[in-house]
Amino acid sequence: MEKVNFTDPDTNESAEFYVLEQTTIRGINYLLVTVDEEGDSDAFILKETQNEDDHNTIYEMVEDDKELEALAKIFAELMEDVDIEF
């Protein structure tokens, strides 16, 4: 399973996530990530954005409830053997 490291731009704290799945919708990339590689764990949906200043790729947590619910359904379909609750 692919592992990615993210740094919070506000606190400079680093967090390591495992990428469970990824998808692109209307040209926007989304990642379904988790903290633990195996077993039950909280999962997060990250949305790719572009930093206009330095053109670096940035991922932000999806926080809009409607967007989150729609994406959770899509990821649930992509990962048939995983139960996603939100």
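The values are calculated or read from the model by the stated rules, or taken from the named source; none is laboratory data. Model, not experiment: these values are computed from the prediction. Glycine also receives a Cβ, built like all others from the backbone with ideal geometry; neighbour counts cover every protein chain displayed.
Being exposed (fewer than 10 other Cβ atoms within 10 Å of the Cβ), more than 13 Å from the chain's Cα centre (by Cα) and at pLDDT below 90 is true of residue 54. So which of 30, 18 ends up being in contact with a helix residue (DSSP H, G or I) (Cβ under 8 Å, 6 or more places away or on another chain), surrounded by 14 or more Cβ atoms within 10 Å (Cβ to Cβ), among the aromatic types (Phe, Trp, Tyr) and at pLDDT 90 or above? Only one candidate qualifies: 30.
For the stretch 6-60, the tally of residues that are of a type in the set (S, T, N, Q) and either over 23 Å from residue 74 (Cβ atoms) or in contact (Cβ under 8 Å) with a residue 40 or more places away in the chain (or both) stands at 7. Taking the numbered list (1) aliphatic (A, V, I, L, M); (2) assigned to a strand (DSSP E or B); (3) at pLDDT below 90 in turn, residue 84 passes all entries but (2). Within this structure, residue 77 fails the test of being acidic (Asp, Glu), assigned to a strand (DSSP E or B) and modelled with pLDDT of 85 or more.
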